[in-house]
Amino acid sequence: MPLTVPTGCARPILSYARGSVPTVTATPQLRRPKPEVIDLLAAAVGAVPDGAERPGQQSMATAISAAVEKEEHLLVQAGTGTGKSLAYLVPSLLVDGPVVISTATLALQSQLVDHDLPRLADAVQPLLGRRPTYAVLKGRHHYLCLARLEGTSADEPDDGLFDVGEARPTKWLGEAGRIGKHIERLRGWAMETETGDRDELDPGVEDSAWKMVSMPARECVGAQRCPYGAECFAEASRSRAREADIVVTNHSLLAVDMLTGRQIIPPHELLVVDEAHELADRVSSASQAELTPETLERAARRCRAYVDDDVADRLMEAGDLLTVALAEVPAGRVVGALPTVLGEALTLLDAGGRKALDAIGEVRADDSDPVRKQQAKTMIGDLVKVAQRMIANVEHDVTWVERDERGRRAVVIAPLSVAGTLSSHLFSERTVVATSATLALGGQFDTVARSLGLPIAVERPSTAAGPAEAAREAVVRADAARDTAGLAWSSLDVGSPFDYQKQGILYVAAHLPKPQSSGLSEPAANEMVELVQALGGRALGLFSSRKAAERAAEVLRARTPGITILLQGEESLPILVRKFREDRNSCLLGVMSLWQGVDVPGDACQLVIIDRLPFPRPDEPLSAARSDAVQSAGGSGFAAVSVPIAAVRLAQGVGRLIRSNADKGVVAVLDSRLERAPSYGPFLRKSLPPFWYTTKPEVVRGALQRLAGS
């Protein structure tokens, strides 16, 4: 593709896909036969330092190729150590058409684009006869917006700096100076960057500064009407994605793409969803909306340049009435009819917002400031839609009032379920491969399949990985479920290369009383101390609440002298993890973000302590509403909603222990219900790796003491 130099840029921007080599002409060549997926995988593994053949990885790659050929969707459980990234990247290179990889986090997205794909492209080039191309695609707000940068003054605050309730005005002078320095630095960076991607800005800038120079997708006027459309970094990223063999994106953007008619991500033949157990929650979050008095006031300020004062004042009045409503209505789920004062605030917002939209009118390219006008129009339009959705109060939506620790108040609405949305929009016109280490909950895929909108037609036998020998073999489930629309899917559990029976122990403290309060009970605290003392540190504590984590830190600091206790929140998480990794005589304690976000292979982490089963809180609005809906239909809300949530969380937490073939250690669950509850204990245990299992405290203390001695 040609090299283009957009007007106003200090250096050229390459318009070809990242990872490709620009060429002037293409010489016609005879099409060589496609290599076998196993041969490509062997080349890819050979390029990985210390790479080794993994049967589970081979089974997964072969199954994906077969699914693409049959145009059948596939769910793959791939345990830690399988090498699932290569297992789905390699067969993607053999697909006749573009492939999209969606990840749960930007970190994994960067890992694929910056490390895995460059090495893979080099390794397979001799076999393919060309170097595969790839591109990363992020949400528009991740890219610098030249139009916003041009219209931003370092001396003028963004609307967000005056949010009521955050004490912003009193900090304006100092904050303006700091943000002003960020803006000036961003102006210089804009003349150097080829991508405008925030993640490539090092060191970074504060969120408040980036917000002033980026553009949310819904507020963008579009390249045709923007004076900087030809130079737009976000549009350039989409252009690169359209030319690439593999596009790497994230679940949040995938969710928005599905909810907006699949207009963002380029058309493709295969979609691979990594960490697929998180997709339904991301779609639910993308479908969620909220209203706050501060947002209404900000909308009124933004539209004053385009409407009469009385129109803007009506929006301000709606914000004032919403403030009153949120003070009167208790926090929690709104059941039944909307409270009168809340309904009045929403009705006033609906009427005032529609009047403002009429006054603003169309956004034209020849407007004096089409960008700001579009921002105002979009913001008000979104508020009107949310107000109308809340006023409708339909049974498939859940509305609640929430307050945070800082006193911020909001009314929120979200769909009761997104399974229908996923069934309609995720699987059409493409083959979907969904993979994760935690898909076969209770030993079966049905729970996750149902949450993704796939039909469950028949009862199928368990596919949980069994003993170590069986765990290394693929368990293929060929009994595809089909509905009248023709959705077909199969499932595969490739196990893990780790020998969990020999590498780890799952200990359940069955003698402890059932947890009652949200904190850490004295019996559980005593058990925790004995375990930590037996090993001498090297423990990761995963707690269900901040209160429990703080109590655990207090107890350990008092009763385990010589062991450093690191508590989440006392320093930044990366610093705490680094200290934990470097100090063998330390323990790291924290809450939910540690359950997935810590990777400490080796003997720095040989004990994972979980204080209680991670069921959702009974007052959590969405899960409570979903439980009620199941109960109303004659089912068990706890079994259908709370238990699967706990299974995924527990599996993620337990997975912190064994991260390599050399790791050894103990997972200790201080919640006797995992052993004693016959209705869900076995289901939860089947959702975990097949560790050697015990409920005897003297056995596990002896094992820890032997680990300490080694």
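The values are calculated or read from the model by the stated rules, or taken from the named source; none is laboratory data. Small disclaimer: the values here were computed from a predicted structure and weren't measured. Every residue, glycine as well, gets a Cβ built from its backbone with ideal geometry; the counts of neighbours run over all protein chains shown. Remember, those area values only see protein heavy atoms, side chains included, never the ligands or the DNA or RNA. Shrake-Rupley method; radii C 1.70, N 1.55, O 1.52, S 1.80 Å.
Descriptive notes on the structure:
- Only Cα sites of segment 345-386 enter the Debye sum here, all with the same form factor; the resulting log10 I(q)/I(0) across q = 0.20 1/Å is -0.58, listed in q order.
- Taking the protein heavy atoms of the chain in the context of the full set of protein chains, the accessible area attributed to carbon and sulfur is 51 percent at 1.4 Å.
- For the chain, a crude dipole built from +1 on the beta carbon of Lys and Arg and -1 on the beta carbon of Asp and Glu, taken about the Cα centre, is about 1320 debye to the nearest 20.
- Against the criterion of solvent-accessible heavy-atom surface with a 1.4 angstrom probe, 218, 301 sort, most first, into 218, 301.
- Segment 498-527 versus segment 53-100: alpha-carbon centroid distance in Å: 36 Å
- A 1.4 Å probe, protein heavy atoms only, puts the accessible area of residue 306 near 60 Å².
- Most tightly packed first, judged by the mean number of other beta-carbon atoms within 10 Å of their residues, the peptides 688-699, 626-637 read 688-699, 626-637.
- Length gained on full extension, residue 290 to residue 202, computed as 0.36 nm times the residue gap minus the Cα-Cα distance: 28.4 nm.
- Dipole magnitude for segment 213-365: about 360 debye, using +1 per Lys or Arg Cβ and -1 per Asp or Glu Cβ, origin at the Cα centre.
- In the context of the full protein assembly, residue 423 retains an accessible surface of approximately 40 Å², using a probe radius of 1.4 Å and ignoring ligands and nucleic acids.
- Ordering 179, 391 by accessible surface, largest first, gives 391, 179; the 1.4 Å probe counts only protein heavy atoms, with every chain in place.
- Take every pair of alpha-carbon atoms less than 8 Å apart whose residues are at least six positions apart; their mean separation over the length of segment 503-621 yields a relative contact order of 32 percent.
- Cα-centre dipole for segment 309-378 with unit charges at Cβ (Lys and Arg positive, Asp and Glu negative), debye to 20: 320 debye
- Cross-link reach list, lysines versus residue 138, counting only Cα pairs under 29 Å and skipping chain neighbours closer than eight places: 84, 181, 211, 373, 377, 385
- Partners for residue 34 among lysines (Cα-Cα distance below 19 Å; same-chain residues under 8 apart left out): 70
- Length gained on full extension, residue 631 to residue 456: 61.0 nm, using 0.36 nm per residue less the C-alpha separation.
- Over segment 291-366, relative contact order from alpha-carbon pairs under 8 Å, at least 6 apart, %: 37 percent
- Most tightly packed first, judged by the mean number of other beta-carbon atoms within 10 Å of their residues, the peptides 400-407, 429-436 read 429-436, 400-407.
- FRET efficiency, residue 181 to residue 517 (Cβ-Cβ, R0 60 Å, nearest 0.05): 0.80
- Ranking 303, 232 from most to least accessible surface, computed with a 1.4 Å probe over the protein chains only, gives 232, 303.
- At R0 = 56 Å, FRET efficiency that the Cβ-Cβ distance of residue 579 and residue 301 yields, to 0.05: 0.80
- Backbone phi angles across segment 684-689, fed through the Karplus curve with coefficients 6.51, -1.76 and 1.60 (θ = phi - 60°), yield HN-Hα couplings of 5, 5, 5, 7, 9, x Hz in residue order; Gly and Pro are listed as x.
- Euclidean distance between Cα centres, segment 531-556 to segment 119-146, Å: 43 Å
- Here each label is just a point 7 Å from Cα along the line to Cβ, and for residue 354 and residue 530 those points are 6.8 nm apart.
- Cα gyration tensor shape for segment 259-356, rounded if a/c is under 1.5, else prolate or oblate: oblate
- Residue-normalised accessible area of segment 240-371, given per residue in Å² at a 1.4 Å probe: 42 Å²
- Between residue 125 and residue 547, the contour length at 0.36 nm per residue exceeds the Cα-Cα span by 146.5 nm.
- Using heavy atoms of the protein chains and a probe of 1.4 Å, the accessible area assigned to residue 316 is about 60 Å².
- The relative contact order of segment 214-350 comes to 16 percent, based on Cα pairs under 8 Å that sit 6 or more residues apart.
- The 3J(HN,Hα) values that the Karplus relation (6.51, -1.76, 1.60; θ = phi - 60°) gives for segment 241-250 are, in residue order, 5, 5, 9, 8, 6, 10, 10, 9, 10, 10 Hz. Gly and Pro appear as x.
- Estimated from helical segments only, the mean residue ellipticity of the chain at 222 nm is -12500 deg cm²/dmol, where each DSSP H run of four or more residues counts as -39500 (n - 2.57).
- Our coupling estimate for segment 341-354, obtained by passing each phi through the Karplus curve with A = 6.51, B = -1.76, C = 1.60 and θ = phi - 60°, is 5, 5, x, 5, 5, 5, 5, 5, 5, 4, 5, x, x, 5 Hz, Gly and Pro reported as x.
- Protection proxy ranking for 322-334, 285-297, using the average of other Cβ atoms within 10 Å per residue and placing the highest first: 285-297, 322-334.
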